[in-house]
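To keep things clear, I will list the structure first and then write my remarks on it.
We did not get these values from a lab; they are worked out from the coordinates using the rules stated. Owing to the predicted nature of the structure, the values given are computational and were not obtained by experimental measurement. Please note: Cβ atoms are built from the backbone with ideal geometry, for glycine as well, and neighbour counts cover all protein chains shown.
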Number of protein chains: 2
Amino acid sequence: MMKTAVLFGSSGLIGSNLLDNLINNNTYNKIKIFVRKLPSIDNSKVEVINTDFLDLDTLKEKLTGDDCFFCIGTTHKDTPDKNEYRRIEYDLPVQLAKIAKFNSISNFIYVSSIGANPKASSTYLKNKGQVEEELKKIGFSNLSIIQPSFLVGNRKDFRIIEVLGIPLMKFLSLFFFGGFKKYTPIKVEIVVNAMIKLTSGNNSEHTYSSDRLRELGSN
Amino acid sequence: MMKTAVLFGSSGLIGSNLLDNLINNNTYNKIKIFVRKLPSIDNSKVEVINTDFLDLDTLKEKLTGDDCFFCIGTTHKDTPDKNEYRRIEYDLPVQLAKIAKFNSISNFIYVSSIGANPKASSTYLKNKGQVEEELKKIGFSNLSIIQPSFLVGNRKDFRIIEVLGIPLMKFLSLFFFGGFKKYTPIKVEIVVNAMIKLTSGNNSEHTYSSDRLRELGSN
C-alpha cells in the first residue's frame, strides 16, 4: 500500500531535498507540505497546506498520514527574538508531534543535531535536546531522532569541504581534546536517504548519530 | 643601502610567496635561497645555493646576509620517520639559526604556529615551541617568531574558506569551549607582508600572533 508523507520545513536545506526525494519515491503517493508561503512547486503528488503556525488548531484535521518529517529550523540570525526562537525550535516540534500522535501517525522523524543535549549551554543544542526528551514521552510506534553534523547541500560544496574543510578540521583538532572526526560534515542527500529508510523500520524509538546516518544513507 | 635576504623553504606555501615578494621588493638586491632540488626560477636577484641539509657545515660560508627567513616545514604524512621529522622540525631551525648568528645576521624570522608550546601533546606544536625557546637564547638583535593560524594560499581558496570554512568553524564552536575566533584562517600573502615588515623593526625579540600578523600584513 502506498503511503502519505507529512512534511514540515519543505523550503529548508533538508526539507527541500527530502521533498524532491519523496516526489520521486514510489512508496509515497501523497506528500502533504505545511507552509507559511506558497511555494512554486506544482506536482500532482504534493498537497500544499497553507498554515498559520501561530494557531496550530487550524491544521489539526489535515495533519494525517503515515510518516511525519519535521525539518523546521531557524537560526539566531533569522530569528533574533528569544521567545520566537524558542517557539520555533521547541514549541513547534513538540506540539506538532502531539497532534500527529493524536491523529495516529506512526512514524515521526525529527531533525535534531549532533551534540543535542537538554543541558547544553548552547540554546540551539539545548532546545533540540529538550525536544528529543518530549518526543520520547509521546509514544510513537516508530520515533526516529536524527543528529546530523554540519550539513553540506550540494556536490560542489562537498568537494570543497573535502579539500579545505577537512584539512581545516584536522588543523583545529591540534588544539582541542578529542578531535573532530565525529563532526565530519555530511551531505544532505545522504541524510535524506537515511530519513526515508528509517520510516520502514519499527524501532519504537531510536537516535541516529551522524556517522550512523552516513552508513544508512550511503547505500 | 639595499639588503640581502636569506631564505630557507623557498618551495613551500609561505616560502614561495615570500620569494615572489622579495624579488619585487626594492629593499632587497639579493635573495639567497638554500635548496635541495634546483628550482626553475631564473632571476638575477636570486642566488640558488644547492644544499646538503644533512651536512650543514657545507653552507656555513654562504649563510650571510641581513634578513634570514626560516620557512622550512614538513608534515607527518611527508616525513613519517620520527627522527627525520624531528631533524627537520627542530634540529634544522636551531642549527641554522646558530650559524646565522655566528655570521652576524641580525634579523631572524621563524615561521612557528599558533599554539606552539614546548609542552604541547602534539609533536608539531611541541617542536615549534621548543625551537622558539632555543632561538630566544641565541641573542639575535631582532628575532621575530610568527605564529600564523591555518594558512590559505590563494584568493579563491580564501573566498571558499569564508563561505564554507567560517560557518563550519562556527558550527564546531558549539561543541568546544572557548570558540575558534583566534584560529580564523589567514592568507599567506598577508603573513608574508607581515614578515617583511618585521625585518625593519628592532624588537630584539617578539612573538606575533595570527591576529597581530593580520593587522601588520593587511596594510
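Using only the alpha carbons, work out the radius of gyration and Dmax of region B:16-100 in angstrom.
Here Rg and the maximum Cα pair distance are 13.8, 41 Å.
Kindly give the distances from residue A:205 to its copy-mates, label point to label point, with each label point 7 Å from Cα along Cα→Cβ, as nm values to one decimal ordered shortest first.
6.1
Please express the shape of region A:3-218 as an equivalent ellipsoid: the semi-axes are the square roots of 5 times the eigenvalues of the C-alpha gyration tensor, given largest first in whole angstrom.
Sorted largest first and rounded, they come to 28, 20, 17 Å.
Would you please state the base-10 log of I(q)/I(0) at q = 0.20, 0.26 1/Å for region B:54-103, with intensities from the Debye formula using one equal scatterer on every alpha carbon?
For region B:54-103, the Cα-only Debye profile gives -0.72, -1.00.
Can you put B:66, A:78 in order of Cβ neighbours within 10 angstrom, beginning with the fewest?
Fewest to most other Cβ atoms nearby, the residues stand as A:78, B:66.
What gaps in nm, shortest first, separate residue A:98 from its twins in the other copies when you place the label 7 Å past Cα toward the beta carbon?
Result for residue A:98, in nm, nearest copy first: 7.5.
If every alpha-carbon in region B:116-219 counts as one equal scatterer, what log10 I(q)/I(0) does Debye give at q = 0.13, 0.18, 0.19 1/Å?
The Debye formula, applied to the Cα set alone, gives -0.57, -0.99, -1.07.
Near the amide H of residue A:150, under 5 Å away, which other amide H atoms are found, from residues 5 or more places off or on another chain, if H is placed in the peptide plane?
Sorted by chain and number, the residues that satisfy this are A:186.
Taking the dipole about the Cα centre of chain B, with the C-beta of Lys and Arg at +1 and of Asp and Glu at -1, give me whichever of B:115, B:21, B:163 is farthest to the positive side.
B:163
If you rank B:199, A:74 by fewest surrounding Cβ atoms within 10 Å, what's the result?
Listing B:199, A:74 from fewest to most nearby Cβ atoms yields A:74, B:199.
Give or take rounding to whole Å, what are the principal axis extents of the alpha carbon atoms in the protein assembly as shown, in descending order?
88, 41, 40
When only C-alpha pairs under 8 Å and at least 6 residues apart count, what is the relative contact order of region B:77-186, in percent?
Relative CO of region B:77-186 lands at 24 percent.
Counting pairs of alpha carbon atoms under 8 Å apart in space and at least six apart in sequence, what relative contact order in percent does region A:165-219 give?
39 percent.
Considering Cα pairs under 8 angstrom that are at least six residues apart, work out the relative contact order of chain B and quote it in whole percent.
18
Compare B:17, B:117, B:25 in a GNM of chain B, Cα atoms joined below 10 Å, and give the one with the largest fluctuation.
So, out of B:17, B:117, B:25, the one fluctuating most is B:25.
Please compute, over every Cα-Cα pair in region A:1-63, the percentage with a separation greater than 17 angstrom.
Percent of Cα pairs beyond 17 Å in region A:1-63: 36.
Shortest first and in nm to one decimal, what separations exist between residue A:24 and its copies in the other chains, measuring from label points 7 Å along the Cα-to-beta-carbon line?
Those separations, rounded to one decimal, come out as 4.6 nm.
Give B:32/B:82; A:77/B:170; A:128/B:181; B:156/B:187; A:32/A:98 a once-over and call out the pairs whose C-alpha atoms are over 19 Å from each other.
Table pairs above 19 Å Cα-Cα are B:32/B:82; A:128/B:181.
Going by C-beta contacts inside 10 Å, put A:159, A:86 in order with the fewest on the left.
Placing the least packed residue first, the sequence is A:159, A:86.
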